[in-house]
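This report concerns only the one structure given below.
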Amino acid sequence: MSAPFFDAFPELSRIGLGLGLGLLVGVQRGWATRKGAEGTRFAGFRTFGLIGLAGGIAGVFQARASGLAIVLLAATAALVLLGYWRSTRKSDSVSGTSSLVGLLTLSCGYLAGSGETILATVVTSVMVLVLAMRHQLHGWVAALNEREMMAIARFAIIALVILPLLPDTPFGPYGAWRARQLWLVVVLVSGFSFAGYLGARHFGATRGVLATAAAGSFVSSTAVTASLAGKLKSGDGDAGILNAGIALASAVMFMRVMALTFALAPLALPTLAMIAAPGLVISLVAALAFARRAGAERVPSSAAPSPTSPASTVMPLRNPFDLGPALLLAGLTMALTLVARWVLARYGNSGLATVLAISGVVDVDSAIITMGNLPAGTLSPRLAGLVLAPPIVLNTLLKAGMAATMPGGRSGWPGAATLVLSALASGAVAVLLV
């Protein structure tokens, strides 16, 4: 059987990909400028397709006819810049988006032609997505206040400047610490906190309890459960919504645990995901059921809510970039990692499981981070996932006890029952996997 046409002529397929990527960009730019007056558009559907085609041809010929490739790239880039110059002369408003997109399309076509097809496709797709989100991005930027802008700048410094500069070599007793991994804890925790803050701010006061519960659980679901249990005790809010918040905080904890494991201890993720999935599903279903029941039982009223009404009772949003909890967790991680290395050297894996279980009762993240700092090959993937099961189950049971006892009556029992069922379901799966 003969090979397909594009398999027989791979160069044509790469040139065709360059043309296709250019046309994809052209569709977005043509749609975005469809209401512009005739003759005011920098480039349209066909032009961007031809730019991608030129880049693809240059990429194919760069190995055996580099002179031709350079001339074609330079001429196309010059035409793009000339078009931008002429368009700015005809309009008082200056925007470099289309010209920059033209140069990027040329580059992506060149990547496709030179054989970097996956990279070219990914870059073009991301570029089209960013262009298509113009109004959403402008709306987000307009909604930022000065404090949030400063938080973004600080997060960029700790994540994009400090983190890459830190060494990744072991230091300290037992070689237990790595500067880059410890700082990654700060980046992840502060990043989760900031993302949760923005999510809570976006949802507004009507869904403030659930949104802020989810946001706070990106840092500490235990603290969120304690806060909501305290509101149940004081009667400060709708009991159904508060129990929904407790269940949602548990669900976010399961998701956060899997995300953190993927980032820091990926070998444990397959087994841990099987253990965490039942608890996650139970918590999500319960949160939805509690919220819907509370909404159905609420009596509609045309009157505006008072400052003490449940609809306006939300937990105050924290500082969008509070490094305190992140640095505290990094310090706790240093101590636990050192203890884990000592226990591992003295008592073996059984002692290590005990250390992680105890440390995870209050903070599951510390157990995962400690696991991520262990030497490669210390635990098998299956055993690593099983070792992380006790911290999750015990932490969930601790929160169930808080929800059941802190309110002082039965108001917190629905949330507590949800957490107990989640812990039992995840624990049962862990036992079956042993």
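When you scan the range 136-149, do you find a residue that is in a helix (DSSP H, G or I), on the phi < 0 side of the Ramachandran plot and modelled with pLDDT of 85 or more, even just one? So far as the range 136-149 goes, no, none of its residues is in a helix (DSSP H, G or I), on the phi < 0 side of the Ramachandran plot and modelled with pLDDT of 85 or more.
Selection of the range 109-135 for residues being in a loop (DSSP other than H, G, I, E, B) and closer than 26 Å to Ile70 by Cα yields Ser114, Gly115, Glu116.
Looking only at the range 384-415, residues that are in contact (Cβ under 8 Å) with a residue 24 or more places away in the chain, among the small types (Gly, Ala, Ser) and in contact with a Gly (Cβ under 9 Å, 6 or more places away or on another chain) come to 4 in all.
Condition check ((1) of a type in the set (Phe, Trp, Tyr); (2) crowded, with 23+ Cβ neighbours inside 10 Å; (3) farther than 20 Å from Val187 by Cα) across all residues:
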position: Ile246; (1), (2), (3): no, yes, yes
position: Ala249; (1), (2), (3): no, yes, yes
position: Met255; (1), (2), (3): no, no, no
position: Leu269; (1), (2), (3): no, no, yes
position: Leu280; (1), (2), (3): no, no, yes
position: Ser283; (1), (2), (3): no, yes, yes
position: Ala294; (1), (2), (3): no, no, yes
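The values are calculated or read from the model by the stated rules, or taken from the named source; none is laboratory data. These numbers were taken from a predicted model, which means no experiment stands behind them. Methodologically, a virtual Cβ is constructed for each residue, glycine included, from the backbone with ideal geometry; neighbour enumeration extends over all protein chains shown.
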